[in-house]
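The structure appears right after this line, and notes come after that.
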Amino acid sequence: MAENRPLYLGPRLRRLRRELGLTQQAMAHDLEISPSYVALLERNQRPVTADMLLRLARTYRLDIAEIAGDEGEGYARRLTDVLRDPLFSDIDLPRLEVADLATSFPGISDALLRLHQAYVREAQALAEQRVAGPLAQDNEPVQEVQRFLAANRNYFHDLDTAAESLAAEIAQAGGGTAWLAAKGVRVRLLPPDVLVDSLRRFDRHNQQLLIADTLPAASRSFQIATHIAHTALRSQIKQAIRVQGFSSPTTATLLLRALAGYCAGAIVMPYAQFARAAQQRGYDIDALCALFGASFEQVAHRLTTLQRPGEEGVGFFFIRVDEAGNVSKRLDGAGFPFAAHGGGCPLWSVHQVFRCPGEIMTQWLELPGGERFFSIARTVVSGQTAYGGRRILRAVALACAAQQADRVIYAGNGEPAAASVTPIGVTCRLCQRAQCTARSLPPIGRDVMADEYRRAAQPYIFAES
């Protein structure tokens, strides 16, 4: 029974003695015991008896509960939470060892907890400095990849044509699974727990491509195509990366993954066939999903790549955000301005579609400079389909220049100049619209006027100049 368990309070007793400024001999004199017994208690070589608890409480006017409280349990719980940090994921940390540390060495436990808190605060400050500080990290790997893709308008001719030829070969073989089988690779669908939370893994020893069986059909096909891209088109992808110098190996790794995904999309949706279908269907994303067995996000992503000379499609800008407004992907084929730092405009429907999951929202947008765009936004779900599986809800949006919107089925036959538009900004800090009631921050370079006698509808009133 827990109540009959011996009570060891060595570190706590030692800390109490030091706080009181006593030597072991002085404490032994106060408690009417020998100095050697005090030493044994402090080294947890003897349990603290009920009589000793009463002596401590009476002698030093302490609360018994304060002395005997299970401080180690609290430290153990907090240490366990801290040790879940991915920083320690490769270290075996048995619960018993954590409990022993918390119980026997509360001082060290406290020091470790403070150190981790300082680490977390520093990491947060560094992240904020990178995305919002005046000296933002221009060579941050994710930003480097985004700049590289934007510089190429998200179109890579050599990769696209190579993937298109490979797609024809795969179709002739009877699909990706059959094509891989001819190369000696077997595709197997396995439960996520067998794959240890992976969606795709290649078993080199047995020449098996393992795919999570809880993925939707479109995601399975895309994962197979991604593996084919990594293997059959690896030299072409590396050549595309090699021509550009990057600040770190991480950038090259992320770009390799991005271009493999690009090639996978080109395999599932070959350029000429996809571009022709997109034009015939008025860029109807759901129709294209059905034709090519792809997901809404995969098709939307592919629409941004229709930049082949002589066979260009509508130029689309693509963005993907989560419910907190964090941008996890953006691709520019439309010349749409986008802020590198700070949040987007809350008036854009991409931030509102979470209220009606699965429904497409259309919107005409007008930027402060007068440029107009037509936007399509919808939520998408990623993750596995099994009950209890983690699924992530995000929003994606495509935007094209208003002059091209008449080619898009969602815009109808309306005249862009006469359409009802929503005035938006790139981001609050760069938007000069003085009358915006959705503003969260004042724009850079404008003085905010104070008015003690009037509260305007908008959050800030600006000086004229």
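For the stretch 364-397, filtered to residues that are at pLDDT 90 or above and among the small types (Gly, Ala, Ser), the residue that is nearest to ILE319 (Cα to Cα) is ALA397. Can you find a residue in the stretch 73-80 that is surrounded by fewer than 13 Cβ atoms within 10 Å (Cβ to Cβ) and either closer than 21 Å to LEU16 by Cα or modelled with pLDDT under 75 (or both)? Taking every residue of the stretch 73-80 in turn, at least one turns out to be surrounded by fewer than 13 Cβ atoms within 10 Å (Cβ to Cβ) and either closer than 21 Å to LEU16 by Cα or modelled with pLDDT under 75 (or both). PRO134 satisfies every condition listed in (1) in a loop (DSSP other than H, G, I, E, B); (2) farther than 30 Å from ILE237 by Cα; (3) modelled with pLDDT of 75 or more except (3). Every test in (1) outside any helix (DSSP H, G or I); (2) among the small types (Gly, Ala, Ser); (3) within 27 Å of the chain's Cα centre (by Cα) is passed by GLY184 save one, and that test is (3). Out of the residues in the stretch 281-296 that are assigned to a helix (DSSP H, G or I) and closer than 17 Å to VAL408 by Cα, state the one that is farthest from the chain's Cα centre (by Cα). Result: ALA287. Does the stretch 325-342 contain at least one residue that is of a type in the set (Phe, Trp, Tyr) and at pLDDT 95 or above? There is no residue in the stretch 325-342 that is of a type in the set (Phe, Trp, Tyr) and at pLDDT 95 or above.
Among the residues making up the stretch 1-24, those that are surrounded by 13 or more Cβ atoms within 10 Å (Cβ to Cβ), within 52 Å of the chain's Cα centre (by Cα) and assigned to a helix (DSSP H, G or I) are GLY10, PRO11, ARG12, LEU13, ARG14, ARG15, LEU16, ARG17. Note on the stretch 25-44: among residues that are at pLDDT 85 or above and part of a loop (DSSP other than H, G, I, E, B), the one that is surrounded by the fewest Cβ atoms within 10 Å (Cβ to Cβ) is GLU32. Pairs linking a residue in the stretch 17-35 that is within 17 Å of LEU53 (Cα to Cα) to a residue that is of a type in the set (Ser, Thr, Tyr) and not in a helix (DSSP H, G or I), with Cβ atoms under 7 Å and 6 or more positions apart or on different chains, are ALA28/SER34.
Here VAL185 clears all of (1) at pLDDT 95 or above; (2) at positive phi except the condition numbered (2).
So that you can scan it fast, the table gives a plain yes or no per residue for (1) touching a residue at least 12 places away in the same chain (Cβ under 8 Å); (2) within 26 Å of HIS157 (Cβ to Cβ); (3) surrounded by 18 or more Cβ atoms within 10 Å (Cβ to Cβ):
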| site | (1), (2), (3) |
| --- | --- |
| ALA168 | yes, yes, no |
| ALA171 | no, yes, no |
| PRO192 | yes, no, no |
| PHE202 | yes, no, no |
| LEU210 | yes, no, yes |
| ALA225 | yes, yes, yes |
| ALA229 | yes, yes, yes |
| SER248 | yes, no, no |
| THR251 | yes, yes, yes |
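Conditions tested, residue by residue: (1) farther than 25 Å from THR437 by Cβ; (2) under 27 Å from the mean Cα position of the chain (by Cα); (3) part of a helix (DSSP H, G or I).
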residue	(1), (2), (3)
PHE354	no, yes, yes
GLY358	yes, yes, no
THR362	no, yes, no
PHE373	no, no, no
ILE376	yes, yes, no
TYR387	yes, yes, no
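Going by what's in this entry, would GLY425 be described as farther than 23 Å from ASN326 by Cα and either at pLDDT below 75 or surrounded by 18 or more Cβ atoms within 10 Å (Cβ to Cβ) (or both)? It is false that GLY425 is farther than 23 Å from ASN326 by Cα and either at pLDDT below 75 or surrounded by 18 or more Cβ atoms within 10 Å (Cβ to Cβ) (or both). Evaluate the following for LEU259: is it in contact (Cβ under 8 Å) with a residue 60 or more places away in the chain and either assigned to a helix (DSSP H, G or I) or assigned by TED's automatic domain parsing to the domain that holds ALA411 (or both)? Yes: the conditions hold for LEU259. In this structure, does GLU3 turn out to be at pLDDT below 85, of a type outside the set (S, T, N, Q) and over 15 Å from ALA99 (Cβ atoms)? Criteria met by GLU3. Inspection of the stretch 263-272 identifies no residue that is free of Cβ contacts under 8 Å to residues at least 40 places away in the same chain, outside the structural domain of TYR410 (by TED's automatic domain parsing) and in a helix (DSSP H, G or I).
The values are calculated or read from the model by the stated rules, or taken from the named source; none is laboratory data. Please read all numbers here as calculations on a predicted model, not as lab measurements. As a convention, Cβ positions derive from the backbone with ideal geometry for all residues, glycine included, and neighbour counts pool all protein chains shown.
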